[in-house]
Every structure is written in structure tokens, then in C-alpha cells.
Amino acid sequence: MSSMLKIILAENLKLLMKEFKVNQVKLSRGIGVSQSAISAWLSGKKEPSIQSLWLLADFFEISIDELVGRKLY
């Protein structure tokens, strides 16, 4: 994942967490990953696996494309 994509994902994730009123702990419990993984994604230090992207997309009821900022035409 490119650094720009990590930034977009992190920003989108922050916005979604705010919109859904969930913190890192609640999100980590909701998708079954560690809170430290959520923190690393939000800071852009690590990227989620494809399985984690699916879990995030399902949790927020959006597509992976939307999650990573890909616009569909």
C-alpha cells in the first residue's frame, strides 16, 4: 500500500469512527483485532490486511473501495 493510500485510509477511518461514535477499543472489539492494530492504522504506521479491510468495511457498512478512498466511475 502506498503512503498516500495509508494516509487516505487513516483519514477515512478517523471520519467513520467519529460518525459512528466509536473509539479504538470499541472498534477493535467490533472487528476482532487489537487496539494497537487500530492505532497503527490510524497513524499510518501499518496497513490492514485484506481480511481486516473486509471487517472494517462490514462494520461501517461501506465498500472497501469507499474505505480506501477509491472513486468508482
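Taking each residue of segment 43-66 that is on the phi > 0 side of the Ramachandran plot and looking for partners that are exposed (fewer than 15 other Cβ atoms within 10 Å of the Cβ) and hydroxyl-bearing (Ser, Thr, Tyr) with beta-carbon atoms closer than 8 Å, six or more apart or interchain, yields GLY44/SER3. Counting the residues of segment 17-55 that are more than 17 Å from VAL68 (Cβ to Cβ) and within 11 Å of the chain's Cα centre (by Cα) gives 3. Restricting segment 28-42 to residues that are aliphatic (A, V, I, L, M), touching a residue at least 12 places away in the same chain (Cβ under 8 Å) and assigned to a helix (DSSP H, G or I), which is nearest to LYS6 (Cα to Cα)? Looking at the filtered set, the residue picked out is LEU42.
So, LYS6, is that one out of contact with any strand residue (DSSP E or B) (no Cβ under 7 Å at 6 or more places or on another chain) and loosely packed, with under 11 Cβ neighbours inside 10 Å or not? It is false that LYS6 is out of contact with any strand residue (DSSP E or B) (no Cβ under 7 Å at 6 or more places or on another chain) and loosely packed, with under 11 Cβ neighbours inside 10 Å.
Computed from the coordinates by the stated procedures, all read-outs in this text should not be read as laboratory data. All figures in this text were calculated on a predicted structure; none of them were measured in a lab. In this analysis, Cβ positions are derived from the backbone assuming ideal geometry, glycine residues included, and neighbour counts consider all displayed protein chains.
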